[in-house]
Amino acid sequence: SDSQAMGRVGEVVIRTWQTADKMKRQRGALPGDRSGNDNLRARRYIAKYTINPAIAHGMSKHIGSVEAGKLADLVLWTPAFFGVKPDLVIKGGAIAMAQMGDPNASIPTPQPVHYRPMFGAYGRARTGTSLTFVSRAAVEDGLAAKLQTSKLMVAVENVRGGISKKSMVLNDATPHIEVDAETYDVRADGELLVCEPADELPMAQRYFLF
């Protein structure tokens, strides 16, 4: 989120799906998507902020995807608000954040509804449902005992020689890039890359009126 020294970590998810929408409008459906669905595109773009950052940072053994043996870090959405307003944030299997109205209300749909911390955001649940990633040298040196931390420390893995663009799930393309020094035209494998400004963006202001 900070590639241009202007990190907007709170916008990563929305911007990812806005980019997915723009690329479909600009370049059409992916060859692997059939019958009008966008399953491959959805998998490609969700991998950009889940499993691929975990792989790049050496954390994919523990986080980054929904698999047995990994932390149960999940975000649940109502489909109409996917990528915009999650219903539940589950950290390590415990509900950390959820949308709630007035707890003293007498009806099931009170307003306003906003995010509130749940059981997973308090006390020992915070350390029992998360990890601290450090170097292998720090683990072998007994850093956790020295700092007397209650959170489990684990070492990152495979962050130097054994990783490349080919390691990125559904995002491993490495086209030959050419940039014209005079016109600044950019070509990938000989194809001129163009992208007009968007006239309308999905997942924008209308989602945040209430």
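Each reported figure results from applying straightforward, stated rules to the coordinates on display, with no laboratory input. Bear in mind that the values here come from a model prediction, so they are computed numbers and not experimental data. Note that we place each Cβ from the backbone using ideal geometry, even for glycine, and neighbour counts take in every protein chain shown.
Legend: distances between Cα atoms for K91/K146; K48/K146; K91/K151; K48/K70; K61/K91; K22/K70; pairs beyond 24 Å are K91/K146; K48/K146; K22/K70. Taking θ as phi - 60° and the Karplus parameters 6.51, -1.76 and 1.60, the scalar couplings of the stretch 26-39 work out to 6, 10, x, 5, 6, x, x, 8, 10, 6, x, 8, 10, 4 Hz in sequence order, x denoting glycine and proline. Neighbours of A94, meaning other residues whose beta-carbon lies under 11 angstrom from its beta-carbon, give a summed charge of +2 when Lys and Arg score +1 and Asp and Glu score -1. Amide H contacts of I95 (H built 1.01 Å from N, in plane; Pro and chain starts excluded): G120 sit under 5 Å, all sequence-distant by 5 or more or on other chains. Taking 8 Å as the Cα distance limit and 6 or more residues as the minimum spacing, I'd like the relative contact order of the chain as a percentage. After rounding, I find 15 percent. Using a cutoff of 8 angstrom between alpha carbon atoms and counting only pairs six or more residues apart, the relative contact order for the stretch 144-210 works out to 14 percent. Dividing the radius of gyration of the alpha carbons in the stretch 9-171 by their Kirkwood radius gives 1.04 for Rg/Rh.
For the stretch 108-209, applying the loop criterion from DSSP together with a ceiling of 10 other beta carbons within 10 Å to the trypsin sites (Lys or Arg not before Pro) yields R124, R160. Taking 41 Å as R0, compute the FRET efficiency from the Cβ-Cβ separation of M23 and N104 and round it to 0.05. It comes to 0.30. Only the Cβ atoms of Lys and Arg (+1) and of Asp and Glu (-1) were treated as charged; on that basis the dipole of the stretch 27-144 about its Cα centre amounts to roughly 280 debye. Out of A98, A173, A144, any idea which swings most in a Gaussian network model of the chain, alpha carbons joined below 10 Å? Taking springs between Cα atoms under 10 Å, the residue moving most is A173. Find out how many positive minus negative residues lie around R124, taking Lys and Arg as positive, Asp and Glu as negative, among other residues whose Cβ is under 14 Å from that of R124. Net local charge, R124 excluded: +3. For the chain, what does the helix formula give at 222 nm: sum of -39500 (n - 2.57) over DSSP H segments with n ≥ 4, over the residue count, nearest 500 deg cm²/dmol? One gets -6000 deg cm²/dmol as the mean residue ellipticity at 222 nm. Of all the options L147, L88, L71, the one that moves most in a Gaussian network model of the chain with Cα springs shorter than 10 angstrom is L147.
Once C-alpha pairs closer than 8 Å and six or more residues apart are averaged by separation and normalised to the residue number of the stretch 95-210, the relative contact order reads 13 percent. Annotation for the stretch 96-173: chymotrypsin sites (Phe, Trp or Tyr not before Pro) lying in DSSP loop with at most 14 further Cβ atoms inside 10 Å of their Cβ are Y122. If R0 equals 22 Å, the separation of the Cβ atoms of R116 and V66 corresponds to a calculated FRET efficiency of about 0.35. Once the Cβ-Cβ distance of T16 and A188 is raised to the sixth power relative to R0 = 22 Å, the FRET efficiency obtained is 0.60. GNM remark for the chain: springs join alpha carbons under 10 Å apart, and the peak mean-square fluctuation among V139, V75, V179 falls on V179.
How many percent of DSSP beta bridges within the chain run antiparallel, rounded to 5? Don't skip to the end; give the middle numbers.
On the way: 17 of 21 bridges.
DSSP beta bridges in the chain are roughly 80 percent antiparallel.
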